[in-house]
Amino acid sequence: MAAYVILDVEVTDEALYAQYRQQVASLVASHSGRHLANTGEADAMGGDWAPRRLVLIEFPDADQAKGFVNSLDTAELREMRAGCVGGRNVVVAPGL
């Protein structure tokens, strides 16, 4: 069953974030995932949530999705992320 990684990211340095995204793209592919959205233009239509940059990635299953999230914690990516992201929320949700 498909699973989704949903991120709400506060980008503080667009140029460095673009480099970070290139690094992350190879990790997405290595976990058989595909980006569905990466945008700062998400419209919150109700409730209190106001996503800053919404990232949505689809994986074949929850194990691949969680493996991807765990792979983001390498020292190199943590350091790069610290320079371009002020905060982030990460959710892994199973599909239907």
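The values are calculated or read from the model by the stated rules, or taken from the named source; none is laboratory data. These figures come from a predicted structure and were not determined experimentally. Backbone-built Cβ (ideal geometry, glycine too); neighbour counts: all protein chains shown. When the accessible area is computed, the model is the full protein with side chains, heavy atoms only, and any ligands, DNA or RNA have been set aside. Shrake-Rupley method; radii C 1.70, N 1.55, O 1.52, S 1.80 Å.
What to note about this one:
- In the full protein context, the chain carries 60 Å² of accessible surface per residue, based on a 1.4 Å probe and ignoring ligands, DNA and RNA.
- Glu10 contributes an accessible area of around 70 Å² to the protein surface, as traced by a 1.4 Å probe with all chains present.
- Within the range 82-96, backbone nitrogen closer than 14 Å to the virtual label 7 Å beyond the Cα of Ala37 toward Cβ: 91
- The chain, accessible surface, carbon-and-sulfur percent (1.4 angstrom probe): 51 percent
- The chain - Rg and Dmax from Cα coordinates, angstrom: 13.1, 37
- For the chain, a simple Cβ point-charge model (Lys and Arg +1, Asp and Glu -1, everything else neutral) yields a dipole of about 140 debye relative to the Cα centre.
- Positive end of the dipole of the chain (Cβ unit charges, origin at the Cα centre): among Leu72, Val85, Ser32, the Cα lying farthest that way belongs to Ser32.
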